[in-house]
Amino acid sequence: MKLSKSIEKLEYSQALESDKEAMEWLEANGRKFGQFIGGEFLFQKNADQIKVTNPADSSILAAIEVADNKTVDLAVTAASNSQKSWHKAGGHARARVLYAIARLIQKHARVISVLETLDNGKPIRESRDSDVPLAIRHFYYHAGWAQLQESELAGQEPVGVVAQIIPWNFPFLMLAWKIAPAIAMGNSIVLKPAESTPLTAMFFAQLCTEAGVPKGVVNIINGAGNTGATLSAHPNVNKVAFTGSTAVGRAIRTSTAGQSKKLTLELGGKSAFVVFDDADLDSVVEGVVDAIWYNQGEVCCAGSRLLIQASVGKKLVAKIKKRMETLRFGTPLDKSIDVGSLVSDKQFEQVSHLVKSGLKSGGNLFQCEKPDSSKNYYPPSIITDVDSSHPLVQEEIFGPVLVIMSFRTQPEAIQLANNTRYGLSASVWSENINRAMHVAPALIAGVVWINCHNKFDAACGFGGVKESGFGREGGKEGLYEYLKPIKLKYKATKGASGNKASSTSNVQNSTSSEIDRTLKFYIGGKQVRPDGGNSIPAHNFDGSISAWVGQGNRKDIRNAVEAARKAHGWASKTAHLRAQVLYFFAENLTVRKDEFIKRLVETCGVKKPEATAEFNATISRIFSYAAWADKFDGAAHDAPYRGITLALPEPIGIIGLVAPDHQPLLAAISLIAPAIAMGNRVVYIPGDQYQNIVLELVSVMETSDIPGGVINIVTGDKNELSTHLAGHGEVESIWCWGDSALNKSIESISIENLKRTWCHENNDRDWHDMNSGEGTEFLRKATHVKNIWTPYGD
Ligand code: NDP
C-alpha cells in the first residue's frame, strides 16, 4: 500500500488519561461523602443516599448523603459563626488564603480534571485545559481583589452568609466562580453542588483545610433539589447565588420573596451565533464547534441558534457538515476526543425527547452518528429548515444540537437574534469592524463575542438579561453582588414623623388657602387626570389640605409604562446631552427654592433649616448625577487572550421607582436622577405621606427639556400602584422602599418576567448620607454591564 493511502486509513488509537490517582482518592474516602461543615466532614445517621455514577459507562463512583433540614441549618450556623471574624481578618489575610487555594488547585490539577471528567462525562481535554485552569484563575484574580478591598471598595461590607447553588455542567469551575468572589469579600458560604456531580466539590473541601480556610467559612452540603430549596429559603442566609434552570430560578425567587436577601440568578439561554457574508467562514466553522459542541452543548451560553446571511448559507452549512464528520466521540478520558457523554441518563433522555418532539413541528435533522444511550452519547446535530417560532428554535435544549436559520439584511439579523425570551449571550461574525461594533451593542444579551464564542475570564463579568436572569459574576461588577453599602438609617427628627391627617380623621376637611389646587399625574410629558376620575387630599403637617392629587389605578400605570416605552430614544441620547438636561433641571429648580422650602416646612413639619438642607442637597444630587452621566463609563478588561473585552454599562430600560415616605424631595431626586442619567425611563410612585411634593416638580420638569415619557409620575395608593407596576411585563426593574409586606409582594409578583428587584425597608437609609443616599450603588442598579469580547490579530 502506498504511504499516502495508508495515512488516509490511519485510525486514532486511544490516548487514555490515567484515572489511577482519582480512583485511589475515591477509595481512600470509602467512596462515600457526607457534608463539609465547620471544617469537618460529617455523616448523618440513617441519611438518604444518592449514587454518583460515571455517565460514560454507568459505573458507580461513590455515594453522597443527602443533607436534611437539620444539617442545612448546621451549615448555615457554621457559616454565620465564622463570618464576622473572617471579615475582620482583613483583605490581606483573605488574599493569602485565596492565593493558597489557587496554588493547591494547581498542584492537584490533574486529579481534579480526571475526577471532573469521570463524574460529568466531559472530555478530559476540556476539564484539563479549560475548566481547571479557569478555576485557578478565579482564585488568583479574587485574591487580588481581597488584597485591594479596603482601598478600592471602601464604604462597602460583606453581605454575610451566602448560599450558592450550582449545576452539573461545570461543577468545579462554577464552584470557583461562586466561592472565590464571595469569600474574597469577607462572606462565609454554604455551597450545594448538583446531586449528579459532587465529587470535585468534595475534593475542594479537603483543599480548603490545607489552604488554611478558617472553619465554617466554606461549607459544602450535598443533596438534591429539596436541600437546595431549604438552603436558599433559610432565614439566616443573606444572599443566594444560583446557576441553573429558569424554572428553579423562579422557584428560588418565590421562596425568598420578602426575606431581604440579595439574589443573583444565572439561568438558561438560547444564544444567537450571527454570521455575516463578510465573515471568515473557516474560522466560523471552528467557532461553531466551540459554541455548540464544547461541553456537549451543556452550556448555558452555547451558541445554539446559528443565523447565517443567506448569500453564504449553503456554503457554510456544507463546511459545517464536513467538519462534523471529523469530530471524534469516545471515552471521556481519551485525550483525543472532541465530544464526550451527556451528564446523565436523565439529560440524555431530555435531549432525545426535545429533539424528537420538536421535529414533529418540522425541520431536518443531520447527524453523522446515531445516539448511544449506553454511553449517554448524543452526537453533534444540526437542524435546518425551521423558522423562528419553531419550538427547537425557542427552547433551550442543553445538548449538542444546533438550529440553523438564515437572514438577508443586518436589521433582520439583529431582530432574529433578539427574538428570544432569553438574553445571556450572542456572537457576531464579520471581518468588518464597523459592522461588528454596530451589531454587538444592538444584541440584547449580557455577553457578546465578536469572531469568537464561549470565552470566559475572571476579569470579565458574566450574566444575562431577560429570562436569563440578573446579576453578574466575575469582574469588579461581580464583587458588588457580595457586598452591601454601610448605611446610615433614617431617624425622623422631632416633629417630622408624619403629618397629622394620617391619624386624625376629622382634620380631613380642614382647608388652607390653596385648597383648590389639583396636582395631576405626569405621563408622557403631559399633566394627566386620573383614569378613575378620583382625587385624594394631600395634607400639610398641621392637617390642612395642601393640594388634591390623583388616585391612580392599573390603567394609569399601564399608560405611564406605555409612555415610558415610547420614550426609548432617551437611551441613545449622548451622555453629554443627558447631563445637560439634568443641569438645566437643577437650574430651573433653584429658581423655585423659597417655594419648595416653604412646602417642605408645611408638608413635612420640619424646621426651615432642615427644609433648606433638603433642598440644597437635592440640587447637589442633581448635579452629582449630571456629573456622573458621562463618567460612569465602563472598562476595558485585560483578559488573558489576544484581544480586549469592553465592559459597557447599558441602561436597564423602564424602571419602576416606589419611594419611601421621608425626605420626599431629596428621595425623589435620589431615585429619579441616577436612573435617567444612565438612559432609563422611570415610572415614579411617591410614598403615601407627602405625595404632593414630587408633583410640585412637574412644572420644573416641563421646562427643563426632559423628553416626554422619560419621567412619569402616578400618585395614589402606593401598595396598589406598585403591585400593578411589579406585574407589568415591560417594566424591567423595580426599586422599592416599602414595608416588609409590600416588598414581599413586589418580589413575588416580579417573578413573572424575572424583573430585577431592589427592595428596602422604608427607613433603611438617610437620603442625606453620601455613602448610601447617593453614588455608584444607584448607577450600578440603573445599568447592567455588557461585556463585548473583541479579539484582534490574524
Ligand atoms: P436545575 O436548575 O434543576 O439544577 C441546578 C441546581 O439547583 C442543582 O444543584 C439542583 O440540585 C438545584 N435545585 C434543584 N431544585 C432546586 C430548588 N427547588 N431549590 C434550590 N435548588 C434547587 O437544573 P437541572 O440539573 O435539573 O437541569 C435541568 C435543565 O436546566 C437542563 O436541561 C438545562 O436546560 C437547564 N440548566 C441550565 C444551566 C445553566 O447553566 N444555565 C445549568 C444546568 C441546567 P440537584 O442537582 O440536586 O437537583
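Only residues that are surrounded by 20 or more Cβ atoms within 10 Å (Cβ to Cβ) and of a type outside the set (D, E, K, R): list them for the range 746-757, please. Within the range 746-757, Ile746, Ile749, Ser750, Leu754, Thr757 meet the criteria. Got at least one residue in the range 459-469 being open to solvent by 10 Å² or more (accessible area, probe 1.4 Å) and part of a helix (DSSP H, G or I)? Yes, the conditions are met somewhere in the range 459-469. Where residues in the range 426-453 are polar (S, T, N, Q) and open to solvent by 10 Å² or more (accessible area, probe 1.4 Å), which of them is farthest from Asn753 (Cα to Cα)? This residue is Asn432.
If I filter the range 398-415 down to residues being open to solvent by less than 20 Å² (accessible area, probe 1.4 Å) and away from the ligand (no atom under 16 Å from the Cβ), which single residue comes out as farthest from Lys314 (Cα to Cα)? My answer is Ala413. The one condition from (1) in contact with a helix residue (DSSP H, G or I) (Cβ under 9 Å, 6 or more places away or on another chain); (2) of a type outside the set (Val, Ile, Thr); (3) under 30 Å from Tyr378 (Cα atoms); (4) surrounded by fewer than 20 Cβ atoms within 10 Å (Cβ to Cβ) that Ala56 does not meet is (4).
Scan the range 646-661 for residues that are at pLDDT 95 or above and either buried (at least 24 other Cβ atoms within 10 Å of the Cβ) or in contact with a Pro (Cβ under 9 Å, 6 or more places away or on another chain) (or both) and the total you get is 9.
Each row is one residue, and each column tells you yes or no for (1) touching a Ser or Thr at 6+ places or on another chain (Cβ under 7 Å); (2) open to solvent by 10 Å² or more (accessible area, probe 1.4 Å); (3) assigned to a helix (DSSP H, G or I).
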| position | (1), (2), (3) |
| --- | --- |
| Glu126 | no, yes, yes |
| Ala135 | no, no, yes |
| Ala146 | no, no, yes |
| Glu150 | no, yes, yes |
| Ala154 | no, yes, no |
| Val190 | no, no, no |
| Glu195 | no, yes, no |
| Leu207 | no, no, yes |
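The residues of the range 182-195 that are in contact with a strand residue (DSSP E or B) (Cβ under 7 Å, 6 or more places away or on another chain) and either more than 14 Å from the ligand (Cβ to nearest atom) or among the hydroxyl-bearing types (Ser, Thr, Tyr) (or both), listed by number, are Ala182, Ile183, Met185, Gly186, Asn187, Ser188, Ile189. Does the range 46-68 hold any residues that are acidic (Asp, Glu) and within 15 Å of the ligand (Cβ to nearest atom), and which are they? Answer for the range 46-68, where residues must be acidic (Asp, Glu) and within 15 Å of the ligand (Cβ to nearest atom): Asp48, Glu65, Asp68.
Within the range 1-18, residues that are in contact (Cβ under 8 Å) with a residue 60 or more places away in the chain have Cβ atoms under 9 Å from residues that are surrounded by 10 or more Cβ atoms within 10 Å (Cβ to Cβ) and part of a strand (DSSP E or B) in these pairs: Tyr12/Asp334; Gln14/Asp334; Ala15/Asp334; Leu16/Asp334; Glu17/Asp334, counting only partners at least 6 apart in sequence or on another chain.
When residues in the range 285-312 are screened for being of a type in the set (Asp, Glu) and away from the ligand (no atom under 16 Å from the Cβ), 2 of them pass. Of the candidates Leu153, Leu173, the single residue that is more than 14 Å from Val218 (Cα to Cα), within 16 Å of the ligand (Cβ to nearest atom) and at pLDDT 95 or above is Leu173. Being part of a helix (DSSP H, G or I), at pLDDT 95 or above, surrounded by 22 or more Cβ atoms within 10 Å (Cβ to Cβ) and within 13 Å of the ligand (Cβ to nearest atom): is that true of Met202 here? Answer is no for this residue.
Screening the range 374-397 for residues that are open to solvent by 40 Å² or more (accessible area, probe 1.4 Å) and in a loop (DSSP other than H, G, I, E, B) and picking the one that is farthest from the ligand (Cβ to nearest atom) gives Asp385. The residue list Ala211, Ala229 contains one member that is more than 14 Å from the ligand (Cβ to nearest atom), more than 17 Å from the chain's Cα centre (by Cα) and either farther than 18 Å from Leu307 by Cβ or among the small types (Gly, Ala, Ser) (or both), which is Ala211.
Residues in the range 699-711 that are open to solvent by 20 Å² or more (accessible area, probe 1.4 Å) and not in a helix (DSSP H, G or I): Thr703, Asp705, Pro707, Gly708.
The values are calculated or read from the model by the stated rules, or taken from the named source; none is laboratory data. Bear in mind that the values here come from a model prediction, so they are computed numbers and not experimental data. Cβ: placed from backbone, ideal geometry, glycine included. Neighbour counts: every protein chain shown. In case anyone asks, the SASA skips ligands and DNA or RNA and just uses the protein heavy atoms, side chains included. Shrake-Rupley method; radii C 1.70, N 1.55, O 1.52, S 1.80 Å.
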